[in-house]
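Some notes on the structure that comes next.
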Amino acid sequence: LMVKSECVHSPKPSFTFYAWKRLKTVIAAVKQTNLKVKRLRGEVEEKLQARSLLTELLAEVQTKQADLVLLEDFLKREKNRMYNRNRRLTEANKSVELMEKALTRLSTEIEKDRALYYEKMQEYVALREQLLWVNAQLMIRRKNMTGQLASIFYPQQSTSSSNCTCESVYRIAGLHLPDAENYRSQSQLIQSD
């Protein structure tokens with residue numbers, strides 16, 4: 001028996017009011033569930049995005065923390081370097097102050113010595129002037145005495161030095177002083193006084 005498919009009728013579903021209402025309730029529940037699933041899916045996606053953003057932020061924070069550690073090390077090194085430079089500068093300033101004090105002390109000593117030497121130089125200049133005046137007076141006196149001596153002793157030129165038997169004391173530059181033997185005892189008396 002072959003039954004034609006066209007002839008076979010499928011039974012029409014018969015819905016009762018309660019089934020229809022129940023079906024409506026199920027459809028509403030499915031719609032609500034779909035909405036809830038969409039909402040939950042959106043929340044999950046937001047949370048996943050927030051988590052990925054949080055992961056990126058955590059990675060960035062870790063990078064920044066590593067940079068901060070490097071920066072702290074650099075700052076420590078620079079602080080130590082500045083401390084050492086400051087210490088060396090303080091030592092240099094102290095040595096400069098000591099040198100300035102020494103230079104000030106030396107300059108005051110030099111000024112004192114300069115004043116003392118200036119006074120001594122003034123004294124020496126005055127003494128030199130006095131000595132030059134005394135020397136001039138002595139030169140004049142010597143010239144006068146030489147003239148007087150020439151008038152007292154008239155030197156005679158000896159014809160031959162071999163003929164003269166007198167000592168060299170009685171001769172000056174080869175000239176025989178007349179009567180010089182008589183004055184020898186007088187010069188010894190003058191020297192003994």
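Taken together, the values in this text are just the output of simple stated rules run on the coordinates, not laboratory data. The structure presented is a predicted model; accordingly, all values stated were derived computationally and were not measured. Positions of Cβ are generated from backbone atoms using ideal geometry, with glycine treated the same way; all protein chains shown enter the neighbour counts.
General observations
- Condition met for Glu129 (within 31 Å of the chain's Cα centre (by Cα) and part of a helix (DSSP H, G or I)): no
- So Leu75, is it under 36 Å from the mean Cα position of the chain (by Cα) and either assigned to a helix (DSSP H, G or I) or in contact (Cβ under 8 Å) with a residue 12 or more places away in the chain (or both): yes
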